[in-house]
1. For region A:24-67, what are the residues that are under 14 Å from the mean Cα position of the chain (by Cα) and of a type in the set (Asp, Glu)?
2. Evaluate the following for residue B:494: is it touching a residue at least 24 places away in the same chain (Cβ under 8 Å), surrounded by 15 or more Cβ atoms within 10 Å (Cβ to Cβ), more than 30 Å from residue B:101 (Cβ to Cβ) and touching a Leu at 6+ places or on another chain (Cβ under 9 Å)?
3. For residue A:77, which of the numbered conditions (1) more than 7 Å from every other protein chain (Cβ to nearest Cβ); (2) more than 21 Å from residue A:23 (Cα to Cα) fails to hold?
4. Can you name the residue in region B:419-458 that is over 26 Å from residue B:352 (Cα atoms) and in contact (Cβ under 8 Å) with a residue 24 or more places away in the chain and, of all such residues, is surrounded by the fewest Cβ atoms within 10 Å (Cβ to Cβ)?
5. For residue C:71, are the conditions met, namely being in a loop (DSSP other than H, G, I, E, B), closer than 30 Å to residue A:85 by Cα and β-branched (Val, Ile, Thr)?
6. Kindly evaluate residue B:544 against the criterion of being in contact with a helix residue (DSSP H, G or I) (Cβ under 8 Å, 6 or more places away or on another chain), touching a residue at least 24 places away in the same chain (Cβ under 8 Å), outside any helix (DSSP H, G or I) and not charged (D, E, K, R).
7. Exactly one of these conditions fails for residue C:208: (1) surrounded by fewer than 13 Cβ atoms within 10 Å (Cβ to Cβ); (2) part of a loop (DSSP other than H, G, I, E, B). Give me its number.
8. Would you call residue B:466 part of a helix (DSSP H, G or I) and either free of Cβ contacts under 8 Å to residues at least 60 places away in the same chain or of a type outside the set (Lys, Arg) (or both)?
Amino acid sequence: MNPVYYLYLAALLFTIGGAGVLIRRNAIVVFMCIELMLNACNLAFVTFSRMHGNLDGQIIAFFTMVVAAAEVVVGLAIIVSIFRTRHTASVDDASLMKL
Amino acid sequence: MENLIALLVAAPLVGAALLLCGGSRLDRAGHWIGSLFAVASFAIGAALFADMLGKSPEHRALHQHLYSWIPVGGFRADVAFQLDQLSMTFVLLITGVGSLIHIYSIGYMAHDDRRRRFFGYLNLFLAAMLLLVLADNYLLLYVGWEGVGLASYLLIGFWQHKPSAATAAKKAFLVNRVGDMGLSIAIMLMFTTFGTFAFGPVLASTGATSQGRLTAIGLLLLLAACGKSAQVPLQSWLGDAMEGPTPVSALIHAATMVTAGVYLITRSGAVFNAAPDAQAAVVAVGAVTLLFGAIVGCAKDDIKKALAGSTMSQIGYMIMAAGLGPIGYAFAIMHLVTHGFFKAGLFLGAGSVMHGMNDEVDMRRYGGLRRYMPVTFVTFGLGYLAIIGFPGLSGFFSKDKIIEAAFAKGGTEGWILGGAALLGAAITAFYMTRVMLMTFFGEKRWDPEEVHPHESPKVMTIPMIVLALGSVFAGALFSVNENFVRWLEPVTSFAHGHSPLSATAVTSATMVVLIIGVGIAWAMYGRRPVPATAPRGSLLTRAARRDLLQDDFNHVVLVRGGEHLTRTLVYLDHSVVDGAVNGTAATMGGLSGRLRQLQSGFVRSYAVQMLGGAAVLVAATLLMRGV
Amino acid sequence: MTVLAAAASTGEAVQFWLLGIVAVAGALCTIMLRRAVHSALSLAGTMIVLAIFYLANGAYFLGIVQIVVYTGAIMMLFLFVVMLVGVTAADSLKETLKGQRWLAAGLGIGFGVLLIAGIGNASLKQFNGLGDANAGGNVQGLAALIFTKYVFAFEITGALLITAAVGAMVLTHRERTERAKSQREQSIARIKEGKHIPPLPAPGVYARHNAVDIPGLLPDGTPSELTVNPTLRGRGQIRDVSRESLAELKALERRSEKWLGRESADEPEPPPSGGPAPKEHTEGAKK
């Protein structure tokens, strides 16, 4: 088996995550889909690391995880504070920033 | 000595500042202060003149550099004065006649509440005029040029409570702007051509410059001269300028300011000598104006307007002479000086008559005044004899020389110019005799119950006597030994013209036309009684009364034309310019109205757009790699 | 190890195809299940599969971190928030934005095809394997890189994490504008109001259970709103057992009458089970 299949899997997972972002209205689920996309990227990075025979790809994946953790913390805080004031977690309801 | 030059300008300037800023505290002494500064300026001028006479002709020119005004890169404007023979002549004329008229005004304006202000303006005028003739470069000359325009505006409109005076002031100012524009463009052109606008370098390098440039500069300078000196086609303001007080008419609109154009052309003689086309235009303007002014002067019943027409005509003589080149410059200036004497005297006489006649200006309401104001009669009469060129008086010498020089121009041109000058002399004799007869001779046409003609006070008559003496003797003094020509020669250069007619023949012809003109006037106004209301008159008379339709022409061509042009421009502005601008705005507005629909506020719509963009980027990247 | 070689072994291929299907299924479940909790669990499954793939690709450290940090910490954080926000009620999957679903599907498929085409086009034939890189140990290798080549990025991510933590606190912190009421003040206010002067009744009274989600029954057998938490009521997580209880009561009465011989023929035997309870909790409501 050629390890390039991992890349196909990553592309597939990334696309599924993207579609989820577009389709789901629940902000928490949207966030999960973003996590899915990040994970797909990480898989690609790890595969690339194996392909090139060095550890730089894994480092990038590692940093992605750190950044994702920071993002999740802030994002979930935003969701909680929106829920407190508006009693909803739907991204469609937060649509005041329009003309 | 040259350090005194700045004082010439400074004295009246200080006087003006003192009088205009001093407030009503100076009301009682204002006229004495103003006159004092004018006389002081004359005294300095006289001292400089005495000093100048003591030097050899080549070393007479003085130069004073005050400070660098605008030094920017290659552009350098200095406040520097140059006092040569030409400037000296003007300085003496301006300060001399100016001082006399200051003194005269003490009496003439005695009953005016705003006399202090009047003297302030007069001093301001003196300062500006002296700056004009003393400047050593065109830019500083321009400052003086605008300064005299301002003073002229203020003084014409001095009686601003009269709508006619206010309008006349505005008219004079606006018409002068046209000429001033010519001068400013000429200065810019000089700078681009010569890289400087100081008299010395500009006039010295005319030989190495293209004919076209010089012609353009010359024509622009002529335009400036036309505006300031009331020459055709910018002559229309001078008649209305008579709305100002009579001393103003005498000083500014007869003796000094209106001759600034002649000064400009004479000063720029080197430019005109090198540009024959411009010179031809100068001659044409002078010849046309001398006839134009004379005809207008014949028809006016207002004594000051008749004299204004005469002024226009006499300046036409000077401009024509200046246009003749080296054979005419000296005579132009000579006529300018003698004219300064006799025309100022005539105006002061007219002022004296008005003073005694309750400010009546219509000559048809005068008549037989010689018994009531003998001093005025005698001085006015001497001025009259001088202007018509009576043998032995100053006008005879100066005008005769100009006619001679006109013939000396040579060829058909010479004959036409000489003929025009002779015809002008005849008409001059006619209208001046008419003025004389209608004012001082014949029966009384005024109501003795209401008007009590009387002689003016001494403070007014003494300047008139001095000016009359000048108009009698100046010409002879200048002509003996060709004094004046030799005096000016280092500045203006001089060449003897070769007239096809001998000097005697020209003089005889002048005498003949003089007698014809006086005779016709005598036949029309001396033998028959003058009607108190003007008869309808011939077509030419009526046209001349209306200043030969100059205002009508201006109105139809310039005002109406301007209005139509403006309307067209407004229409174009509305439909084309505004249409384009508003159309763009409306298009943008409509477009944004549609575009903002994309801003739905739904974050998922934005996400779709982002994904679309990302897809396009990936596709583009793949395509680029695939190629 | 053979897994680090350029080409994967047959074992790895089997592993890939089995677990890959699980991963895709988990991802699909994540975006398709109506309940956020289920989505989160599916995603956790996908992540664990990915962790195994990391291990298979020689990223031992990342594989463990994926399990411990991602699946263990971050996903639990998600679950916390799901509980906190209380979205146990299922989301409606009906689309409200016009054309959104079609656009999403079209763009998603197009994008995926583009990505896969791109990968297929690229010449990715040569895999070097991580044998050399991991020779001194994977963690040591990563550490050597992080603390030399990537030390600035590492420091900056540290700053980022602190900022994120502070930011989360700032965002969720609510400043009190007035002093909290003491218990005494609350009781005084309650008496002034005149309603519910005694403490609220406990749940489950007269009902068969005393769990918090079962309202207590009033003497006439109807459920009391006061006995359950308003939050649970708002979520629709209340199990109403009033009808069951009434039915059971009736059955008991009938049996006792039968026993006493006062049988009344007009009343038929009621059904053994109660009326319809809230749909989701039918299972739990059964005894």
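1. Within region A:24-67, A:35 is the sole residue that qualifies.
2. Considered against the rule, which asks whether it is touching a residue at least 24 places away in the same chain (Cβ under 8 Å), surrounded by 15 or more Cβ atoms within 10 Å (Cβ to Cβ), more than 30 Å from residue B:101 (Cβ to Cβ) and touching a Leu at 6+ places or on another chain (Cβ under 9 Å), residue B:494 comes out as yes.
3. So residue A:77 meets the others, but not (1).
4. Pass one, region B:419-458, residues over 26 Å from residue B:352 (Cα atoms): B:419-426.
Okay, now just the ones that are also in contact (Cβ under 8 Å) with a residue 24 or more places away in the chain, so B:420-426.
Details: B:420: 21, B:421: 28, B:422: 19, B:423: 16, B:424: 27, B:425: 29, B:426: 19.
The qualifying residue surrounded by the fewest Cβ atoms within 10 Å (Cβ to Cβ) is B:423.
5. So residue C:71 fails the test.
6. Details: in contact with a helix residue (DSSP H, G or I) (Cβ under 8 Å, 6 or more places away or on another chain): yes; touching a residue at least 24 places away in the same chain (Cβ under 8 Å): yes; outside any helix (DSSP H, G or I): no; not charged (D, E, K, R): yes.
When the stated conditions are applied, residue B:544 does not pass them.
7. Checking residue C:208 against (1) surrounded by fewer than 13 Cβ atoms within 10 Å (Cβ to Cβ); (2) part of a loop (DSSP other than H, G, I, E, B), the one that fails is (1).
8. Working: part of a helix (DSSP H, G or I): yes; either free of Cβ contacts under 8 Å to residues at least 60 places away in the same chain or of a type outside the set (Lys, Arg) (or both): yes.
Yes, satisfied.
The values are calculated or read from the model by the stated rules, or taken from the named source; none is laboratory data. This structure is a prediction, so every number in the text was calculated from the model and none was measured. Neighbour counts are summed over all protein chains in view; Cβ atoms, including those assigned to glycine, are modelled from backbone coordinates with ideal geometry.
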